[in-house]
Amino acid sequence: GFSVGSLLLTFVIRQRDSSGYFSKLAALLAFACFVLNISMLGQIFNITPSDQALLPWAALALLLAYTCNARLLLIAGLACLLAYSGTRLSEWSGFFWLEVGQRPENFLPGGLLLFLLPLLLSQARFSGFTATYRVMGLLALFVPMLVLANWGRGSYLPFAASTIEVGYQLLGFVVSALAIWLGSRRDWPEVALSGQLFFIAFLGLKMVD
């Protein structure tokens with residue numbers, strides 16, 4: 001009832017709220033109710049936890065994000081999709097889906113796809129959506145690199161942990177420098193700033209080492 005009611009409330013407010021502020025708040029409430037209700041139903045009927053729940057969460061978040069032009073819901077939807085792609089790759093590699101964090105490389109393909117998606121599908125009609133896609137994609141690329149640069153045992157690569165760590169340190173420097181260059185060349189400030197942030201992070205960790 002709360003899920004359906006808050007969803008209908010979002011549509012009603014959207015028709016009357018010219019600023020869009022209150023419709024975004026109602027959309028966030030609808031998404032929160034939907035997530036909590038699915039979790040509650042799983043507990044009531046003792047359903048085995050599954051990553052499949054991420055798909056309806058992502059679908060509703062993205063639908064509400066594009067309906068209400070809400071970047072926060074877009075972030076939530078993309079995060080669910082990234083998590084789902086990571087868990088799928090984890091299971092296909094022979095691991096339990098909850099062990100996705102043991103192999104950070106599972107998030108790299110999804111991050112690359114998110115970064116490239118605005119080039120394939122224009123987001124010009126929606127304020128800030130293109131930048132959100134790029135930032136989420138870069139986070140899904142840089143964070144696993146940062147982890148593997150200090151924890152080589154979490155990689156699929158058949159090399160010594162120290163070799164993997166050095167390789168990801170170098171890769172992190174190169175990719176973050178490329179992000180700075182690309183962001184400056186294409187006038188994508190969010191890409192340049194993300195590259196600068198992670199270049200400093202890689203440099204700081206290397207200095208600590």
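The table for this structure:
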read-out	value
Solvent-accessible area per residue, Å², over the stretch 1-131 with all protein chains present [probe radius 1.4 Å]	58 Å²
Rounded to whole Å, sorted largest first: equivalent-ellipsoid semi-axes of the stretch 45-132, Cα gyration tensor	26, 17, 8
Relative contact order (percent, whole number), the stretch 22-141, Cα cutoff 8 Å, 6+ residue spacing	21 percent
Spacing of the two label points (7 Å from each Cα toward its C-beta) at L98 and M40, in nm	2.3 nm
With all protein chains modelled, accessible area of S18 [1.4 Å, Å²]	120 Å²
The chain, accessible surface, carbon-and-sulfur percent (1.4 angstrom probe)	70 percent
List F198, F107, ordered by accessible area with a 1.4 Å probe, largest first	F107, F198
Selection from M136, L117, V147, by position along the positive dipole direction of the stretch 100-209 (Cβ)	L117
Cα gyration tensor of the chain - equivalent ellipsoid semi-axes, whole Å, descending	34, 24, 12
FRET efficiency estimate (nearest 0.05) - Cβ-Cβ, R186 to T48, R0 35 angstrom	0.15
The chain: angle of helix 129-148 to the longest principal axis, Cα-based, in degrees nearest 10	40 degrees
Between helix 21-44 and the chain: long-axis angle, C-alpha atoms, 0 to 90°, nearest 10	80 degrees
Prolate/oblate/rounded call for the stretch 90-186, Cα gyration tensor, a/c under 1.5 rounded	oblate
Between the stretch 53-78 and the stretch 100-150, the Cα center-to-center distance that results, in Å	16 Å
Distance in nm between pseudo-label sites at A59 and Q15 (7 Å out along the Cβ direction from Cα)	2.5 nm
Integer Hz, Karplus 6.51/-1.76/1.60 couplings in order for the stretch 109-116, x for Gly and Pro	x, x, x, 5, 5, 5, 5, 7
Using θ = phi - 60° and Karplus 6.51 cos²θ - 1.76 cosθ + 1.60, couplings along the stretch 98-104 (whole Hz; Gly, Pro as x)	6, 8, 4, x, 6, 10, x
Rounded to whole Hz, the Karplus (6.51, -1.76, 1.60) HN-Hα couplings of the stretch 166-178, x for glycine and proline	4, x, 6, 5, 5, 4, x, 4, 5, 5, 5, 5, 5
Among L170, V100, A65 - extreme Cα towards positive end, dipole of the chain, charges at beta-carbon	A65
Lys, Arg +1 and Asp, Glu -1 on Cβ, resulting dipole of the chain about Cα centre, debye, nearest 20	520 debye
Relative contact order (percent, whole number), the chain, Cα cutoff 8 Å, 6+ residue spacing	12 percent
Residue-count net charge about L9 - beta-carbon cut-off 12 Å; Lys, Arg +1, Asp, Glu -1	+1
The chain: angle of helix 189-208 to the longest principal axis, Cα-based, in degrees nearest 10	40 degrees
Over the stretch 82-148, relative contact order from alpha-carbon pairs under 8 Å, at least 6 apart, %	34 percent
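The values are calculated or read from the model by the stated rules, or taken from the named source; none is laboratory data. Note that this is a predicted model, so its numbers are computed, not measured. Please note: Cβ atoms are built from the backbone with ideal geometry, for glycine as well, and neighbour counts cover all protein chains shown. To get the accessible areas, we keep the full protein, side chains included, count just its heavy atoms, and leave off ligands, DNA and RNA. Shrake-Rupley method; radii C 1.70, N 1.55, O 1.52, S 1.80 Å.
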